[in-house]
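For reference, the structure is listed below as structure tokens.
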């Protein structure tokens, strides 16, 4: 079982209504792109939101990476900013609380999952959480020229998200994108995938000492006092046949789009043939059943006259 078990959004009549679920929208800022090359967390944020757009809770903190802080040109976090910030093992119980019972959402989930797996899971975060990637969901459902979080937000709503390259700012933007997608879909969006889990976090004995005193969070972004901003109405080109989200990862250049769109057309033709066969089979079955009923009724009538 991996750190996240990824689901998807669909307009088909399967799964759970997306508006009925709660989501833990997560974003991280890091010292690099790959934890296998030494990149570490320097900031993490979670925006807990309901599918109808109701904000439940926001949380963010800088994280002491216990390593040199690089990547300042992207996230703006310096060495002095993380002094006094909590270490990863101290934040896991709070993060688990925010993720418990929710679908974990990120814009490019593959990136965040690498850091959850390399840092939070070894510190006690349970595996097997339900996950959803809004990047793959957008690519699956809408035909846009660009799908990055700021560009997609601007293309769909005419607004640029604020607080870019801060964990809480990007988590808020992703949360809005998700609930606007649910609200503006041409048909009811449903979530298909593993159901959210209620989490229990085991803290090892040497970590208990760290957690006896309250952890001193160090946010660099102020939580929103009034919830999410009002949602926007999209004027967007939704795909006639949604793409398989599993084929919507990576760079998603022209070649990848053609492959995903071709697969969607093949699946649509297959479903159409299956539906046609089912309709014919059902019609034949109904005709046969009707004939049997007529014969049975006729037999009973003949029997009655013979008596």
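The values are calculated or read from the model by the stated rules, or taken from the named source; none is laboratory data. Keep in mind that what you see is a predicted model, and the values were worked out from it rather than measured. Every residue, glycine among them, receives a Cβ derived from its backbone with ideal geometry; neighbour counts consider all protein chains shown.
Do we have any residue at all in the range 136-143 that's assigned by TED's automatic domain parsing to the domain that holds residue 47, in contact with a strand residue (DSSP E or B) (Cβ under 8 Å, 6 or more places away or on another chain), crowded, with 16+ Cβ neighbours inside 10 Å and modelled with pLDDT under 95? So far as the range 136-143 goes, no, none of its residues is assigned by TED's automatic domain parsing to the domain that holds residue 47, in contact with a strand residue (DSSP E or B) (Cβ under 8 Å, 6 or more places away or on another chain), crowded, with 16+ Cβ neighbours inside 10 Å and modelled with pLDDT under 95.
Figure legend. Inter-residue proximity from the range 146-159: first residues at pLDDT 95 or above, second residues part of a helix (DSSP H, G or I) and exposed (fewer than 14 other Cβ atoms within 10 Å of the Cβ), beta-carbon distance below 6 Å, spacing 6+ or different chains. No pairs are indicated. Here the range 232-263 is the region considered, the condition is being buried (at least 17 other Cβ atoms within 10 Å of the Cβ) and in contact with a strand residue (DSSP E or B) (Cβ under 6 Å, 6 or more places away or on another chain), and the residue that is nearest to residue 139 (Cα to Cα) is 245.
Of the numbered criteria (1) under 21 Å from residue 216 (Cβ atoms); (2) in contact with a strand residue (DSSP E or B) (Cβ under 9 Å, 6 or more places away or on another chain); (3) assigned to a loop (DSSP other than H, G, I, E, B), the one residue 45 fails is (3). Taking the range 92-106 as the range and being buried (at least 19 other Cβ atoms within 10 Å of the Cβ) and in contact with a strand residue (DSSP E or B) (Cβ under 8 Å, 6 or more places away or on another chain) as the test, the residues that pass are 95, 98, 99, 102, 103, 104, 105, 106. All of 28, 69 fail the test of being surrounded by 22 or more Cβ atoms within 10 Å (Cβ to Cβ) and touching a residue at least 12 places away in the same chain (Cβ under 8 Å), apart from 28. Criterion applied to 165, 154 was being on the phi > 0 side of the Ramachandran plot, assigned by TED's automatic domain parsing to the domain that holds residue 71 and not in a strand (DSSP E or B), and the one residue passing it is 165.
When residue 217 is tested against the conditions (1) outside any loop (DSSP other than H, G, I, E, B); (2) modelled with pLDDT of 85 or more; (3) assigned by TED's automatic domain parsing to the domain that holds residue 130, the lone failure is (1).
Can you tell me how many residues in the range 20-34 are in contact with a strand residue (DSSP E or B) (Cβ under 8 Å, 6 or more places away or on another chain) and farther than 18 Å from residue 133 by Cβ? First the steps, then the outcome.
Keep residues of the range 20-34 that are in contact with a strand residue (DSSP E or B) (Cβ under 8 Å, 6 or more places away or on another chain), which gives 21-31.
Filter again for farther than 18 Å from residue 133 by Cβ, leaving 29, 31.
Residues that pass the stated criteria total 2.
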